[in-house]
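The values are calculated or read from the model by the stated rules, or taken from the named source; none is laboratory data. Just so it is clear, the model here is predicted, and its values are computed rather than measured. Using ideal geometry, Cβ is built from the backbone for each residue, glycine included, and neighbour counts are taken over all protein chains shown. When the accessible area is computed, the model is the full protein with side chains, heavy atoms only, and any ligands, DNA or RNA have been set aside. Shrake-Rupley method; radii C 1.70, N 1.55, O 1.52, S 1.80 Å.
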Amino acid sequence: MAEQGREPGGHRDEEPRLTGKEEAAPAPKKRRLAGGERYVPPPRKLSTVVSFGAEHFAETSYYFEGGLRKVRPYYFDFRTYCKGRWVGRSLLHVFGTEFRAQPLSYYRAAARAGRLRLNEEPVRDLDIVLKNNDFLRNTVHRHEPPVTAQPLRILAEDEEVVVVDKPSSLPVHPCGRFRHNTVIFILGKEHGLTELHTLHRLDRMTSGVLMFAKTAAVSKRIDEQVRERQLEKEYVCRVVGEFPEHEVVCEEPILVVSYKVGVCRVDPKGKPCKTVFQRLSYNGKTSVVKCLPRTGRMHQIRVHLQYLGHPIVNDPIYNMEAWGPDRGKGGKIGKTDEELLKALVEEHHSKQSLEILGILEEDLNSSGENKDCGDSGNCTKSLETDPVNGNSYPAEDEKDPQSDEKDPKKDVKDPERDDIAAYAPNSGVNLETLDKDKELGLCGNQDGSPGRKGWEEKDPLCLECRMSRQDPSPKELVMFLHALRYKGQEFEYCSNMPEWAMDDWVE
C-alpha cells in the first residue's frame, strides 16, 4: 500500500476502553505460600471488544495557539504485565536497564509519591523481584507535542465508512508521545465518531484522504480488496529539481534503519517495492509529481524519490545534509546506519527541530529498540504494542497487499501490553530528597493517588513542566506529500489538490 510509516493498526490502540464487561477470572485454588513468598494474583480476563470512550476523551482538552493545536498536560497511567525477560529481576534493575530515559532517582521519587503500583499495591521497595503475571502501573504527567491547527475535514460519511482529509503532522492512532493529538481522538472528541476500524494509514507528516470502516464486516470486505490489489491509490508531492517528463518506475528494495527515529533506506536486503511516478509540472526549481505506489513499505514514496535524486522539498528526514553531499541519491550515503542516525539527530538538534520528528533528545537515551523482535519482519507488530516509552513511532505503515494479510485480532489491543515509562528525566531537582508532602500536595489527592487535572498545577516530578520548548511553526509541520485519491471496486474518494501543488504556487 502507499506512503505510510507505522502506527498501531485497527484498534490496537495504546489504552482502549473496555466496552464489554470485564470477566472475572475463575478463583484459583490458593496454594500455601512459603515464608516470605509474595502472592501474585492471576491475570485478569478482559473483554476483546475495545475502543476509546468518553472517559478517555475527558482526560484533557485542546487549545489553539499560534496556528497550532495543543493538548493541556494530564496525568496518565501506563500499565503492563511483567515481560518474560523481567521475571527474576528487581524492579530497580528493569528500570535501570530498559527505561534509561529517566534516572533511577526519578523512580525512587515516583515510588515515594505512590505513582508506582505492583498488583495495585503501592511499591515501597524497588528491589522487589518481579514474578510472572505481576501487573505494574506507572502514573506520569504527560505532555504531547503540538500539531497543526488545520481542521480535520470530513470528506464523506455513511453507514459503512468515514473518510477524512487528514492534515499534516497529525498521527492516525495514539503512538509514542501522541494520544489526544491524533485523528482517532479528534474524531471521537469533536465529531462523536468512535469504534472506527482503520482501513489504511498515513505517515504523520503526510496529509490527505484517510478512510475508516464503521464495522468489522466492512473492514474485512475492503481489506480483501487490498490483498487482491484492487485498491488504487494516488499521491501528489513537490520534489527538488526537474523531475523527468517521462514515466519513472522505481523498484528498489527498502530496509528499515530505525523504527524509533523513523528512518529507512534502499538496500538489497530490504523488502521488494514498486512506485510509479509521473511529473505533473515544473516551475524552474521544483516539480509536482504524481505517485502511484504498488506496494506499501514504510516511507516508500519518500525513500524512492530520495534514491532518484528528487527528494520531497521539505522532507525532514530524506532531504537532509546528514545523507551526504548527494543527499542519498542512488543509495550513496557513505555512512553506517549508526553514523547516519547520529548525523540526522545532530542536524535536527542544531536546528532545534527534534520535535518535528516527534521525539525528544531524552527519548534517544531509552532502551534499545526491537527487544521483543526476532527479526525485522516482526518488529513493527511488536513495537505497535509498546507505544509508551515517550518515544516516537515513525508513523504508520499501511498494509502491504503482498505480505500483510490482516490479522483477525489486529483490531483488538490488549490494554495490558503497554510498557511502563515516565516523562521526567533528571531536571536539576534533587529527586532523592524531594519533600514527599510537597509532592503530593501539588499533584496528589489525600489518599496518595495523583490528582487528575494535570494542567492546573505544575508537577514536581515532571521535567516538561520546568522546560520551555520552542514550538515548531505551522509551516514546519507541513510536508509536501498528499494522499489525493483512493479508489476501490465500489467507491472513490478524492480531496482537493493542496495549495503547494498548484501551478501558481510561489515558493
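Among the residues of segment 76-114, those identified as surrounded by fewer than 20 Cβ atoms within 10 Å (Cβ to Cβ) and among the polar types (S, T, N, Q) are S90, T97, S105. Selection within segment 324-342: residues that are more than 26 Å from the chain's Cα centre (by Cα) and in a helix (DSSP H, G or I). The member of this set that is surrounded by the fewest Cβ atoms within 10 Å (Cβ to Cβ) is G330.
Taken over segment 288-311, the criterion of being in contact (Cβ under 8 Å) with a residue 60 or more places away in the chain and either under 22 Å from the mean Cα position of the chain (by Cα) or in the same structural domain as S169 (by the TED database) (or both) is satisfied by T295, G296, R297, M298, H299, Q300, I301, R302. Return yes or no: is E160 open to solvent by 20 Å² or more (accessible area, probe 1.4 Å) and either closer than 30 Å to M467 by Cα or in contact with a Ser or Thr (Cβ under 9 Å, 6 or more places away or on another chain) (or both)? Yes.
The set of residues in segment 482-506 that are small (G, A, S) and without any contact (Cβ under 8 Å) to a residue 40 or more places away in the chain is empty. From the list K269, K260, which one is touching a residue at least 40 places away in the same chain (Cβ under 8 Å), assigned to a loop (DSSP other than H, G, I, E, B), more than 19 Å from M502 (Cβ to Cβ) and open to solvent by 20 Å² or more (accessible area, probe 1.4 Å)? The conditions single out K260. In the set (1) touching a Leu at 6+ places or on another chain (Cβ under 9 Å); (2) without any contact (Cβ under 8 Å) to a residue 12 or more places away in the chain, the condition left unmet by I128 is number (2). Look at (1) in contact with a helix residue (DSSP H, G or I) (Cβ under 6 Å, 6 or more places away or on another chain); (2) over 20 Å from E355 (Cα atoms) and you find that E190 fails only one, number (1).
Does I186 satisfy the criteria of being open to solvent by 10 Å² or more (accessible area, probe 1.4 Å), under 20 Å from V478 (Cα atoms) and either at pLDDT 95 or above or in contact with an Asp or Glu (Cβ under 6 Å, 6 or more places away or on another chain) (or both)? Against the criterion (open to solvent by 10 Å² or more (accessible area, probe 1.4 Å), under 20 Å from V478 (Cα atoms) and either at pLDDT 95 or above or in contact with an Asp or Glu (Cβ under 6 Å, 6 or more places away or on another chain) (or both)), I186 does not qualify. Taking the conditions (1) buried (at least 17 other Cβ atoms within 10 Å of the Cβ); (2) of a type in the set (S, T, N, Q); (3) at pLDDT below 95 in turn, T60 satisfies each one other than (3). Quickly run through segment 455-507 and pick out the residues that are part of a helix (DSSP H, G or I) and not acidic (D, E). Passing the criteria: C465, R466, P474, K475, L477, W500, A501.
Of all the numbered requirements in (1) open to solvent by 20 Å² or more (accessible area, probe 1.4 Å); (2) more than 19 Å from R485 (Cα to Cα); (3) in the same structural domain as E224 (by the TED database), D165 misses one, and that requirement is (2). Open to solvent by 30 Å² or more (accessible area, probe 1.4 Å), among the charged types (D, E, K, R) and either closer than 30 Å to H173 by Cβ or at pLDDT 50 or above (or both): which single residue out of D414, D437, D447 fits that description? Answer to the selection: D414.
Among the numbered criteria (1) part of a strand (DSSP E or B); (2) modelled with pLDDT of 95 or more; (3) crowded, with 19+ Cβ neighbours inside 10 Å, which single criterion is violated by R117? For R117, the exception is condition (3).
Yes/no matrix, rows are residues, columns are (1) aliphatic (A, V, I, L, M); (2) under 23 Å from H180 (Cα atoms):
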site	(1), (2)
P41	no, no
E55	no, yes
F64	no, yes
R79	no, yes
K83	no, no
E98	no, no
L130	yes, no
D134	no, no
R142	no, yes
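In the set G284, G309, G296, only one residue is part of a loop (DSSP other than H, G, I, E, B) and open to solvent by less than 10 Å² (accessible area, probe 1.4 Å); that residue is G296.
Taking the stated definitions as given, is L152 touching a residue at least 24 places away in the same chain (Cβ under 8 Å), touching a Pro at 6+ places or on another chain (Cβ under 7 Å) and open to solvent by 10 Å² or more (accessible area, probe 1.4 Å)? Spelling it out, L152 is indeed touching a residue at least 24 places away in the same chain (Cβ under 8 Å), touching a Pro at 6+ places or on another chain (Cβ under 7 Å) and open to solvent by 10 Å² or more (accessible area, probe 1.4 Å).
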